[in-house]
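Structure first, then comments.
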Amino acid sequence: HTRHFAQIDKDVPRTMTGHIHFRGDGCKGQESLRRVLKAYAHFNPNLGYTQGMSSYAAVLLLYMNEEDAFWVMVALFRGAVHEPLEGLYSPGMPLVRRCLHQLEGLLGEHLPRLAAHFQRECVHASMFATQWFVTLFAYSLPLGVVERVWDVFMLEGVKVIFQVGVALLQRAEENLLALPFEVLAANLRHFPA
């Protein structure tokens, strides 16, 4: 557990720093987040802790107490209602790899011009969408939008990440089509601006 706990201690101060609940070293929100993440790492030693898990726990802590946030996290990762999310964080990230492959297929189907542009510029979904799946947009969208995405996610599961991701790319398609690799890759990493 020591390895996981050390990583948690590093990641907690970097999680949702723009939100007042988590701002400032040693604040109440950070301490709650640290306890939930350490409890989960102890509860599920096979998975332990991986970067990105803190986003899920942090969003949950905005709406519930530590114990409820812990058990909702367990339910999400174990698949109590929807597909288990453990594969987002397990070695080799099998769920992330599958989701990225599916996203590229969806882009080819729904946004063929953009998919062709990405292919010409050697831009792969892994360069920008991994974070979408691993943090459920917690670092990509304003908190008010993240809250709405999470509401739908809790009801419908992982498919909402695809729906939101395709919608974001569709909205920015014309701008993205005009960008060469260097600018395109940088814009997508911080997408949407």
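Just a few scattered comments:
- Sorting 99, 27 on solvent-accessible area from highest to lowest, probe radius 1.4 Å, gives 27, 99.
- Unit Cα scatterers, Debye sum, the chain: log10 I(q)/I(0) for q = 0.10, 0.12, 0.15, 0.18 Å⁻¹: -0.43, -0.61, -0.92, -1.22
- Max mean-square fluctuation residue, GNM over the chain, Cα-Cα springs under 10 Å, options 78, 120, 23: 120
- Phi angles of region 112-121 translate, via the Karplus equation with coefficients 6.51, -1.76, 1.60 and θ = phi - 60°, into HN-Hα couplings of x, 5, 5, 4, 5, 5, 4, 5, 4, 8 Hz per residue; Gly and Pro are given as x.
- Ligands, DNA and RNA left out, the accessible area of the chain computed with a 1.4 Å probe is 56% carbon and sulfur.
- All Cα-Cα separations within region 19-95 were binned at 10 Å from zero, giving a P(r) of 19, 53, 24, 3, each value a whole percent of the pairs.
- On a per residue basis, region 73-171 carries 50 Å² of accessible surface, using protein heavy atoms and a 1.4 Å probe.
- Partners for residue 159 among aspartates and glutamates (Cα-Cα distance below 15 Å; same-chain residues under 8 apart left out): 83, 104, 151
- Candidate lysines for bridging to residue 10, where Cα separation is under 25 Å - those fewer than 8 sequence places away on the same chain excluded: 28, 38
- Looking at region 35-140, the chymotrypsin sites (Phe, Trp or Tyr not before Pro) that sit in a DSSP loop and have at most 15 other Cβ atoms within 10 Å of their own Cβ are 63.
- 171, 34, 14, 98, ranked by accessible area, largest first (probe 1.4 Å): 171, 14, 98, 34
- Taking every protein chain into account, the 1.4 Å probe leaves residue 86 with about 60 Å² of accessible area, to the nearest ten.
- The angle between the Cα long axis of helix 28-43 and the main principal axis of the chain comes to about 90°, on a 0 to 90 degree scale.
- The simple Förster model, with R0 at 30 Å and r as the Cβ-Cβ distance, assigns residue 97 and residue 67 a FRET efficiency of 0.35.
The values are calculated or read from the model by the stated rules, or taken from the named source; none is laboratory data. Quick caveat, the model's predicted, so the values are computed rather than measured. As a convention, Cβ positions derive from the backbone with ideal geometry for all residues, glycine included, and neighbour counts pool all protein chains shown. Surface accessibility is based on the protein's heavy atoms, side chains included, excluding ligands, DNA and RNA. Shrake-Rupley method; radii C 1.70, N 1.55, O 1.52, S 1.80 Å.
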